Amino acid sequence: MKTIEQIAAELQGYDPQALSAAAVNEFLARLVAPVTDTEELGIFEALDRVLAQDVISPVSVPPHDNSAMDGYAFDGSQLRAGETLTLTPVGTALAGKAWQGTVSAGQCVRIMTGAIMPAGLDTVVPQEFVKAEGDAITLPAGLLQPGDNRRFMGEDVMQGRPALQKGERLTPAALGLMASLGIKTARVARRLKVAYFSTGDEILSLGEAPREGAVYDSNRYTVFGLLTRLGCEVIDFGVVRDEPALLEAAFRRAADEADAIITSGGVSVGEADFTKTMMKQLGDVAFWRIAMRPGRPMAVGRIGKSVLFGLPGNPVAVMVTFLAFVRPTLLQMMGCSGKAPPLLRARSAEAIRKKPGRTEYQRGTVIYGADGSLQVRTTGNQGSGVLSSMVQANGLIVLHHDQGNVAAGDEVDVMMFDGVI
């Protein structure tokens, strides 16, 4: 396991007082490793868990060549360019059982969607395209090519091959795929344990009486929601006061019980509390000033076996740093191989001021414009303590490190919230 100093030495131009957002993610990717413990779960319990091994298909899907349409199955070699084709139906193939008859030249079989293709037949004409003439049907010229409307055995999943791969998250679609293969359980990585607490004598827990200069702790509940949606086991330590003995006890217990520790508050330059001192005393920790807005101060490192994320105290800064840095790192620790969701491109409905040299994450709302194109507008006041603007937004407008001012109508990247916040 590499130390903070060793990882820093590997990164070109590493400067803890002026880190780009890209450098932060590169550093964190080298800091953590996936958990190795696994468990076997039933399909109903496995939603959003990460596969610890490939799921090998015991069957082929579909198990036979079958029809993709209700229509008539026939030998496609009888088709001639520019000519109609007349066929005589000699039976009906239904889904769920094989048709047992034989078919000669000039004959066809009426077939239902999903029915096994009769031997020697490889093409299906949809029933709405044929013309019935007594006991025969006629296909129009130029409508079909041999093999049309035929599903091949194993074209979805082939027996003996991976249907799902190690590192994939089990989405609702993945659960359906497993069920279609007759698989009832999955071997998944164990749930990641994350301990969280807020710091600061000015923080009130819910139920405490208001007092001058104090604020109610919102970060505890936001981080709980973000971690729960990610599928982590959350260990809630509540609010820890700025007292060395209390902070030491909280950090030591968190390091014993959790894979990762998240704190909010106490990492800014010059803050008059003991949080940074205790982090330094107990672990291998770096304190960063990131070239970003909001969320400039951040601490990362290890305390014991646990990875530490010391986030800023302002509510929006907590969410932004979590989404930009903590969430992808936790997914890596969960063994998830999936890449970050692609950023959405939308046209800015307004001019946005931006200085090159830092990454900005502005709260925005994406809507359809009058011309049907995607447009995004900021939610107004972008202060890092304006929590209501995060509720109003459905994504973060990502203005990249080297990017300057944005004019109305320019395309920008948006990190959408759907399924995350």
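The values are calculated or read from the model by the stated rules, or taken from the named source; none is laboratory data. It should be emphasised that the depicted structure is a prediction, and the values quoted were computed from it without experimental measurement. For neighbour counting, all protein chains shown are included, and Cβ atoms are generated from backbone atoms with ideal geometry for every residue, glycine included.
The residues of segment 228-255 that are over 13 Å from S306 (Cβ atoms) and not hydrophobic (A, V, I, L, M, F, W, C), listed by number, are T228, R229, G231, E233, D236, G238, R241, D242, E243, P244, E248.
The residue that is surrounded by the fewest Cβ atoms within 10 Å (Cβ to Cβ), among those in segment 381-390 that are touching a residue at least 12 places away in the same chain (Cβ under 8 Å) and not hydroxyl-bearing (S, T, Y), is G383. Going through segment 88-116 one residue at a time, which ones are within 22 Å of P140 (Cα to Cα), within 47 Å of the chain's Cα centre (by Cα) and assigned to a loop (DSSP other than H, G, I, E, B)? Once the filter is applied, which keeps residues that are within 22 Å of P140 (Cα to Cα), within 47 Å of the chain's Cα centre (by Cα) and assigned to a loop (DSSP other than H, G, I, E, B), segment 88-116 yields M112, T113.
Filtering M278, M319 for residues that are touching a Leu at 6+ places or on another chain (Cβ under 6 Å) and hydrophobic (A, V, I, L, M, F, W, C) leaves a single hit, M278. Among the residues here, R169 does not qualify as more than 22 Å from L330 (Cα to Cα), in contact (Cβ under 8 Å) with a residue 24 or more places away in the chain and basic (K, R). Within segment 206-231, if we keep just the residues that are surrounded by fewer than 19 Cβ atoms within 10 Å (Cβ to Cβ) and among the basic types (K, R), the residue that is modelled with the highest pLDDT turns out to be R229. Which one of these is under 19 Å from R327 (Cα atoms), touching a helix residue (DSSP H, G or I) at 6+ places or on another chain (Cβ under 7 Å), outside any loop (DSSP other than H, G, I, E, B) and at pLDDT below 95: M390, M415? Just a single option satisfies the conditions, and that option is M390.
Filtered by the rule that a residue be surrounded by fewer than 13 Cβ atoms within 10 Å (Cβ to Cβ) and in a strand (DSSP E or B), segment 117-163 gives K131, A132, E133. Here G313 does not fit the description of being in contact with a Lys or Arg (Cβ under 7 Å, 6 or more places away or on another chain), more than 30 Å from L170 (Cα to Cα), buried (at least 19 other Cβ atoms within 10 Å of the Cβ) and not hydroxyl-bearing (S, T, Y).
Residues in segment 6-35 that are touching a residue at least 40 places away in the same chain (Cβ under 8 Å) and part of a helix (DSSP H, G or I): A8, A21, A22, V24, N25, F27, L28, A29, L31. Suppose we keep only residues that are small (G, A, S) and modelled with pLDDT of 95 or more within segment 76-90. Which one would you say is nearest to V61 (Cα to Cα)? That would be G76.
Here's the yes/no breakdown for (1) among the acidic types (D, E); (2) closer than 30 Å to R289 by Cβ; (3) not assigned by TED's automatic domain parsing to the domain that holds L227:
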site: E26; (1), (2), (3): yes, yes, no
site: A29; (1), (2), (3): no, yes, no
site: G76; (1), (2), (3): no, no, yes
site: T88; (1), (2), (3): no, no, yes
site: T92; (1), (2), (3): no, no, yes
site: S104; (1), (2), (3): no, no, yes
site: M112; (1), (2), (3): no, no, yes
site: M117; (1), (2), (3): no, no, yes
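Looking across A407, A370, A393, A351, one residue alone is closer than 25 Å to S20 by Cβ, free of Cβ contacts under 8 Å to residues at least 40 places away in the same chain and not assigned by TED's automatic domain parsing to the domain that holds T263. It is A393. Whether any residue in segment 84-98 is under 27 Å from S180 (Cβ atoms), touching a Gly at 6+ places or on another chain (Cβ under 7 Å), among the β-branched types (V, I, T) and surrounded by 14 or more Cβ atoms within 10 Å (Cβ to Cβ) is what I want to check. No, every residue in segment 84-98 fails to be under 27 Å from S180 (Cβ atoms), touching a Gly at 6+ places or on another chain (Cβ under 7 Å), among the β-branched types (V, I, T) and surrounded by 14 or more Cβ atoms within 10 Å (Cβ to Cβ). Could we say that I352 is among the β-branched types (V, I, T) and at pLDDT below 95 here? So I352 does not fit the description; no. For segment 41-48, state whether one or more residues are farther than 30 Å from T3 by Cα, more than 21 Å from the chain's Cα centre (by Cα) and either aliphatic (A, V, I, L, M) or surrounded by 15 or more Cβ atoms within 10 Å (Cβ to Cβ) (or both). No, because not a single residue in segment 41-48 is farther than 30 Å from T3 by Cα, more than 21 Å from the chain's Cα centre (by Cα) and either aliphatic (A, V, I, L, M) or surrounded by 15 or more Cβ atoms within 10 Å (Cβ to Cβ) (or both). Within segment 401-421, the set of residues being surrounded by fewer than 18 Cβ atoms within 10 Å (Cβ to Cβ) and over 21 Å from the mean Cα position of the chain (by Cα) comprises H401, D402, G404, N405, A407, A408, G409, D410, E411. Checked against (1) farther than 19 Å from L192 by Cα; (2) surrounded by fewer than 17 Cβ atoms within 10 Å (Cβ to Cβ), R252 meets all criteria but (1). Let me confirm something: among Q100, Q53, which residue is at negative phi and free of Cβ contacts under 8 Å to residues at least 12 places away in the same chain? Going through Q100, Q53 in turn, the sole match is Q100. Sub-8 Å Cβ pairs linking a first residue in segment 229-240 that is within 17 Å of G207 (Cβ to Cβ) and assigned by TED's automatic domain parsing to the domain that holds S264 to a second residue that is surrounded by fewer than 20 Cβ atoms within 10 Å (Cβ to Cβ) and hydroxyl-bearing (S, T, Y), at least 6 apart or interchain, are G238/S205; V239/S205, ordered by first then second residue.
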